[in-house]
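What follows is a short report on a single structure.
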Amino acid sequence: MHIRVDHHTSYEYDRPIHSLIQLLRLSPRNHDTQTVRRWQINLNVDGTLKTGEDSFGNVTHMLSLAGPLSSLTVAIEGEVETSDSHGLVTGTPERFPSRFYLRNTRLTEADAEIMTFARDTAADGETIDRLHRLLSALYANLSFDAAATHVGTTAAQAFAAGRGVCQDFAHVFIAAARCLGIPARYVGGHLYRSDGARVQEAGHAWAEAYVDNLGWIGFDAANGVCVTDAYVRVSAALDYLGAAPVRGAWSGIANEELTVAVTVDQARNQYQS
């Protein structure tokens, strides 16, 4: 599939700020089922982007701006060619052994309720079958609700509420998998939706779990499916904070207004292998 992504993040300040620094994880990289055909980051102000990688192998850009600054727009525009591998993810940079992804974080720690749910749902059987049972159970028992949670909501809080956004579905899946001894990690990116909804409020998130003799497999609990060629993989880490598209800080006395606009569509360009 040929997917085009337009992702605009805009900041408005009611008073000019003195300076701003941001770490961006907005650029995908190639792996066995994903080829970046074209990708660029544009700013509405003069600035420089220093390209690098974080400890997980995600492509990063460091943005530093000196004020006075009243607004900033970071605009992403690009095209990615993907192929379906039935959820299997290969060819990604792996900086750590799979067991590293058993490590809990504040956002992904399983409480007693998640532990009980995981064991009741997927205590026995082949690992891949257990993961599919977790996927189906979470999709059936959690409701998508964009107003129910925020970026700091933990897996335990979202599970207790029974609702959340794709980030929360991913965190609960990760927490449940890890307490069963299955390595799992958070993935951020984009989804070309089958319902034709091109304009979206934000990027997408899902989880990957490690299965011996197979490798990493993508599970999207918010949609109850394994990852397909409709997904553009951008970043991965232990949880949302490690894979967040933008993290940063600014200096000054002002109120900030954030607007995010995302469009994910099929690209018109066709590429020859």
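Values in this text are rule-based calculations from the coordinates and carry no lab data. This one's a predicted model, so the numbers in the text were calculated from it and none came from an experiment. Note that we place each Cβ from the backbone using ideal geometry, even for glycine, and neighbour counts take in every protein chain shown.
So here's what we get for this one:
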| item | result |
| --- | --- |
| Contact order relative to length of region 84-243, as percent, for alpha carbon pairs under 8 angstrom and 6 or more apart | 30 |
| Spacing of the two label points (7 Å from each Cα toward its C-beta) at V151 and A112, in nm | 3.3 |
| Principal-axis tilt of helix 166-179 within the chain, Cα atoms, nearest 10 degrees | 40 |
| P(r) histogram, all alpha-carbon pairs of region 39-169 included - 5 Å bins from 0, percent | 2, 7, 11, 13, 15, 16, 16, 9, 6, 3, 1, 0 |
| Cα-based helix-to-principal-axis angle, 112-122 vs the chain, degrees rounded to 10 | 60 |
| Positive dipole terminus of region 126-273, leading residue within A161, I217, S136 (C-beta point charges) | I217 |
| For region 1-19 versus region 92-164, the gap between their alpha-carbon centres in whole angstrom | 30 |
| Rough spin-label spacing in nm, given labels placed 7 Å along Cα→Cβ, for L102 and R193 | 3.8 |
| Distance between modelled label sites at E126 and N141, nm, 7 Å Cα→Cβ extension | 2.4 |
| Shape call, region 123-268: gyration tensor on alpha carbons, a/c limit 1.5 | prolate |
| Isotropic mean projected area of the C-alpha convex hull, region 214-254 (nm²) | 5.0 |
| Contact order normalised by residue count of the chain, Cα under 8 Å, 6+ apart, percent | 30 |
| Shape box of the chain [Cα atoms, principal axes, largest first, Å] | 59, 48, 36 |
